[in-house]
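The structure appears right after this line, and notes come after that.
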């Protein structure tokens with residue numbers, strides 16, 4: 001056969017999708033030649049699928065759905081309501097530094113601590129769980145300083161500890177700085193107990209055994225020009241008295257050395273019972 005004739009057979013085969021034998025390759029089949037018809041329609045000789053000629057797999061029903069990454073695991077919870085201990089006390093001391101907690105530290109993770117943590121979390125766009133997880137704790141650490149003994153214990157508050165031994169006889173105003181409590185005791189019996197606030201680090205409340213030497217119902221400080229109602233003086237200018245600031249702001253503030261009481265009704269009753277000469281014990 002002439003070359004022109006062979007070339008003609010190749011063209012015809014290409015248009016029909018068939019193979020053609022040539023004298024040089026007798027017995028071999030050529031791979032089908034594919035032609036794209038107008039509009040992108042494959043020629044009859046084209047087999048749908050990949051380059052290997054196999055058909056495309058049937059689409060699955062969820063192939064068109066968007067793929068989402070699995071949700072990350074929630075951060076580990078360090079402390080939550082009901083927990084106690086030194087770590088909880090530090091948490092509370094740090095929350096006090098950023099003005100989210102005004103009570104304590106008590107060392108007990110109660111309702112107020114849970115609310116403070118929840119508020120701190122919400123302010124910073126964290127889930128408001130009220131539980132202190134690793135993310136919340138790291139954020140708080142970056143915003144606060146390491147609390148010292150003063151922050152952890154002197155400004156702390158909890159249920160009154162057993163009274164100092166010096167309070168067990170006579171008529172005594174038994175004041176405990178650690179628990180921030182004042183007990184009015186008569187012959188070893190506790191008549192009443194109330195929360196108190198003390199002086200700042202720069203103006204601390206003196207410790208020791210004293211006695212009430214002057215009572216002043218409507219006293220006003222000449223040094224600071226501030227009211228000191230129901231004042232019972234026991235050491236120089238330091239006295240037990242009602243504090244409107246303590247009643248309004250709690251432990252966010254401090255006195256200039258006096259023992260502040262925030263329950264006006266309680267101190268009014270105490271003032272009526274205490275006499276000049278009654279003992280005052282201020283202990284750590």
| field | region 247-260, subset more than 25 Å from residue 100 (Cβ to Cβ) and surrounded by 20 or more Cβ atoms within 10 Å (Cβ to Cβ), residue nearest to the chain's Cα centre (by Cα) | value | 259
| said: Taking the conditions exactly as written (at pLDDT 90 or above, out of contact with any helix residue (DSSP H, G or I) (no Cβ under 8 Å at 6 or more places or on another chain) and not assigned by TED's automatic domain parsing to the domain that holds residue 181), does residue 53 satisfy them or not? | reply: no
| Residue check: is residue 229 free of Cβ contacts under 8 Å to residues at least 60 places away in the same chain, surrounded by 14 or more Cβ atoms within 10 Å (Cβ to Cβ) and farther than 19 Å from residue 263 by Cβ? | no
| query | Just for region 188-217: of the residues that are touching a strand residue (DSSP E or B) at 6+ places or on another chain (Cβ under 6 Å) and over 25 Å from residue 169 (Cβ atoms), which one is surrounded by the most Cβ atoms within 10 Å (Cβ to Cβ)? | reply | 197
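The values are calculated or read from the model by the stated rules, or taken from the named source; none is laboratory data. Computed from a predicted model, the values in this text were never measured in an experiment. When we count neighbours, we look across all protein chains shown, and the Cβ atoms used for this are built from the backbone with ideal geometry, even at glycine.
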